[in-house]
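Take a look at the structure below.
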Amino acid sequence: MKILRRSVLALFASAAVGAATLGTGFAQSMPAPLDNPGDVKIALVRYLSTGDFFQAYLSGVEKQAEAVGLDLRIFDSRQDAALQADMVDQAIALGVDGIIIQHGLTESMQEAAQRAVDAGIKVVAFDVNVENDAIPQIEQSDYLLGKLALEQAIKDNGTEWKAGYVYVPGIAPLDRRHVAWEEVKAANPGIIEKAQMGTLDNPIANSNANQARSVLQANQDITVFFAPYDEFAKGVKIAVDEAGLSSDVSIYSADVSTADISAMREPDSAWKATVATNPAVVGEVSVRALAIMLTGENPGAQVIVPPTLITQEFLNANDIKNMEDLSANMPQFAHADVAMTEWMPLPAR
């Protein structure tokens, strides 16, 4: 009877998740242990959660977990590195089957992640390098995010300009974007970094606006700001607008949200371009990679979601007002064919 009940549950699970997938037909029968919906518990342990990007990422995690039938628990450390490590231990104590570590510091998360692996828990890490071969890295190809944004800055402004740069070292995605910045400067000696600033203090945009005000006052020859995180770009834009420099300074960033689109489309906006993946899609990919591991398969050491260049010109030309419009005009933005299997159900679109 137990086997029969398991088979019946699997059939109901397949029908339920199949109705939520892209395309037609039903999802194939789910492999063990995912064939018992709700019995598999996973945890999302967050370091960063402030801002539109992280809300969209969380939404993607929640929707993909629901589509697969996973019992999701959310732990939010609010940029407290020690608390994030403690939350990994809390998830271990709860007996979860899988953990997604979202951002954080290598020095605080490395040992915590290893404790989870030692406990037999499957772990994936998004935008934090835990230096563990057993843990796949979910990435947005952060180097490309930075490189594509800088290539657009050069296309718009040439190869000789004074720059402001926003950077907080020790955060894996920012460190990878920093590599692109150093390479571009080395290849273009006419690009001069006049000032570096940056903070992750909450609220991030306002805290960076405070720093950008001082930078702009002290360096009135800055014409380009490279702010490779949208909360950084929001802060710089606040300072640029207040200084009346929106026609004199151009901002290039990474990541995107509906609020970012609105800011980029304001009349005479200094925010010229951003390079991004859909954060909700990255959240979905994080869950799919973990689900693949839970079935005993390997999603790969690096699970990379490719980014897309989004210019102010493109947004205006296509009258894009929100993320839904962006997805409709950029099909690659609505779904990434990454960490997919024949049995993998997708959220309803």
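Values quoted throughout were computed directly from the atomic coordinates according to the rules given, and no laboratory measurement underlies them. Here the structure is a predicted model, which is why all the values come from computation and not from measurement. Here the Cβ positions follow ideal geometry from the backbone for every residue, glycine too, while neighbour counts run over all protein chains shown.
Treating cross-link reach as a plain straight distance, find the aspartates and glutamates whose alpha-carbon is under 14 Å from the alpha-carbon of Lys63, omitting any fewer than eight places away in the same chain.
Asp71, Glu284
Please report, in debye to the nearest 20, how large the charge dipole of the chain is about its Cα centre when each Lys and Arg carries +1 at its beta carbon and each Asp and Glu carries -1 there.
600 debye
Using only Cα atoms, find the angle between the long axis of helix 204-218 and the longest principal axis of the chain, and express it within 0 to 90 degrees, rounded to the nearest 10.
20 degrees
By counting other Cβ atoms within 10 Å of each Cβ, how are His335, His103, His178 ranked from fewest to most?
Working: His335 17, His103 23, His178 20.
Final ranking by Cβ density, sparse to dense: His335, His178, His103.
Pop out the Kirkwood hydrodynamic radius of region 242-319 from its pairwise C-alpha distances, inverse of mean 1/r, in Å to one decimal.
Value: 14.7 Å, from the Cα pair sum.
Expressed as an acute angle from 0 to 90° and rounded to the nearest 10, what is the orientation of the C-alpha long axis of helix 106-118 relative to the principal long axis of the chain?
With both axes taken from Cα atoms, the answer is about 10 degrees.
Pairs of lysines 8 or more apart, or on different chains, with alpha carbons under 14 Å: count those in region 142-276, would you?
Pairs that pass both the separation and distance tests number 8.
Would you list Ser327, Ser29 from fewest to most Cβ contacts within 10 Å?
Ser29, Ser327
With only alpha-carbon atoms counted, please give the Rg and Dmax of the chain, in Å.
21.3, 77
Over region 142-276, how many percent of alpha carbon pairs lie in each 5 Å bin up to the one with the longest distance?
Answer for region 142-276: a P(r) of 2, 11, 24, 27, 23, 11, 2, 0 percent.
More than 15 angstrom separation, counting every C-alpha pair in region 123-169; what % is that? Please list the in-between numbers first.
Working: 662 of 1081 pairs.
Taking all Cα-Cα pairs of region 123-169, the fraction more than 15 Å apart is 61 percent.
Among DSSP beta bridges whose residues both lie in the chain, state the antiparallel percentage, nearest 5.
Taking every DSSP beta bridge with both residues in the chain, the antiparallel ones total about 10 percent.
Take the Cα atoms of region 275-329, find their three principal axes, and give me the spread along each one in whole Å, biggest first.
Projected onto its principal axes, the Cα set of region 275-329 covers 47, 18, 12 Å.
Any idea which of Gln137, Gly60, Ala227 is furthest toward the positive side of the dipole for the chain, if Lys and Arg beta-carbons carry +1 and Asp and Glu beta-carbons -1?
Gly60
Once Rh is set to the Kirkwood radius over Cα pairs, what Stokes-Einstein translational diffusion coefficient, in µm²/s, holds for region 107-221 at a temperature of 37 °C and a viscosity of 0.692 mPa s?
Details: Rh = 16.4 Å.
D = 200 µm²/s.
Kindly put Trp271, Trp181, Trp161 in sequence by how many other C-beta atoms sit within 10 Å of each C-beta, fewest to most.
Trp161, Trp181, Trp271
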